[in-house]
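Trainee: Shown below is the structure under consideration.
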Amino acid sequence: MPDQNPLFPVFLKLQTLRVLLVGGGNVGLEKLTAILRSSPETAVTVVSISFLPELRALAARHPRIQLIERGWLETDLEAADIVFAATDDPALHRRIKGAARQRRLLVNVADTPDLCDFYLSSVVQKGQLKIAISTNGKSPTVAKRVRAMLEEALPEELDEVLQQMTVIRGKVAGDFAAKVKSLNAVTAELAGGKAYESPATKKWRRVATGALLAAGGLLASRLLRRPE
């Protein structure tokens, strides 16, 4: 439907890709910070005619960041799997986009949604739980507001619940369908519903239910305390 966000959400193992970032100013710093916040082991080559001291300091803390102090060359794309264009030169961005398209490389162009193959989302992280928020490039400000709300509302205990569910999943026996039914049973009480429960899941349901209800109760209480 035309009024829906058509973007396909995906989480990349960015540390397995070669990232090229063009731009060493404020926008470049913002992009590099976002990359390293989620994937601190990512190898990033940053090309720019100059670098902010803050960007140099950030790169110094990550051994897989390489700074190349010169203008962008088309040959820089030969060692890249994914590209970020983050300068204040729209003409340069268009050249990068055109050259990258010829090589079938995905490009994110700062502040130019029409040239982007993908957008960076606002991210909420609670341990192993990561939630990405997209407005289809319409309003990064709204995405940041939603992120801030979720960061406050979601309890830190959710990560403990995830860790317990990993253990439980490893203990549940049976084929795929049976495991799905058993895990649904373990989490059913959090949603207030009922699900099939085999005898093998009763022990693990008791272990997980307390943690799940505690996390759900804490989330609900935080949401209810929010001012109108």
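The values are calculated or read from the model by the stated rules, or taken from the named source; none is laboratory data. Everything quoted here is computed from the prediction, not taken from an experiment. Virtual Cβ from ideal backbone geometry, glycine too; neighbours counted across all protein chains shown.
Trainee: Suppose we keep only residues that are of a type in the set (A, V, I, L, M, F, W, C) and part of a helix (DSSP H, G or I) within region 1-52. Which one would you say is surrounded by the fewest Cβ atoms within 10 Å (Cβ to Cβ)?
Mentor: Of the residues in region 1-52, the ones of a type in the set (A, V, I, L, M, F, W, C) are 1, 7-8, 10-12, 14, 17, 19-22, 27, 29, 32, 34-36, 43-44, 46-47, 49, 51-52.
Checking the rest, the ones that are also part of a helix (DSSP H, G or I) come to 14, 27, 29, 32, 34-36.
Details: Leu14: 19, Val27: 17, Leu29: 23, Leu32: 25, Ala34: 15, Ile35: 21, Leu36: 19.
Residue satisfying both the conditions and the ranking: Ala34.
Quick grid of which residues meet (1) among the charged types (D, E, K, R); (2) more than 15 Å from the chain's Cα centre (by Cα); (3) modelled with pLDDT under 95:
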| position | (1), (2), (3) |
| --- | --- |
| Met1 | no, yes, yes |
| Pro9 | no, no, yes |
| Gly24 | no, yes, no |
| Gly28 | no, yes, no |
| Ala43 | no, yes, no |
| Val46 | no, yes, no |
| Leu58 | no, yes, no |
| Glu74 | yes, yes, no |
| Ala79 | no, yes, no |
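Trainee: Restricting attention to region 97-128, which residues are more than 17 Å from Gly23 (Cα to Cα), part of a helix (DSSP H, G or I) and charged (D, E, K, R)?
Mentor: Arg101, Asp114 - these are the residues of region 97-128 that are more than 17 Å from Gly23 (Cα to Cα), part of a helix (DSSP H, G or I) and charged (D, E, K, R).
Trainee: How many residues are touching a residue at least 12 places away in the same chain (Cβ under 8 Å) and either touching a Phe, Trp or Tyr at 6+ places or on another chain (Cβ under 6 Å) or of a type in the set (S, T, N, Q) (or both) if we restrict to region 1-52?
Mentor: 15
Trainee: Follow-up question, since we're still on this one. Give just the number: which of (1) in a helix (DSSP H, G or I); (2) surrounded by fewer than 15 Cβ atoms within 10 Å (Cβ to Cβ); (3) more than 15 Å from the chain's Cα centre (by Cα) does Gln164 not satisfy?
Mentor: Of the numbered conditions (1) in a helix (DSSP H, G or I); (2) surrounded by fewer than 15 Cβ atoms within 10 Å (Cβ to Cβ); (3) more than 15 Å from the chain's Cα centre (by Cα), the odd one out for Gln164 is (2).
Trainee: Taking region 122-140 as the search range and keeping residues that are in contact (Cβ under 8 Å) with a residue 60 or more places away in the chain and touching a Pro at 6+ places or on another chain (Cβ under 8 Å), which one is surrounded by the most Cβ atoms within 10 Å (Cβ to Cβ)?
Mentor: Ala132
Trainee: Inside region 53-78, can you point out the residues that are part of a loop (DSSP other than H, G, I, E, B), closer than 16 Å to Ile35 by Cβ and in contact (Cβ under 8 Å) with a residue 24 or more places away in the chain? Walk me through it before giving the result.
Mentor: Going through region 53-78, the residues part of a loop (DSSP other than H, G, I, E, B) turn out to be 61-64, 70-73.
Applying the additional criterion that residues be closer than 16 Å to Ile35 by Cβ yields 61-64.
Correct list: His62 only.
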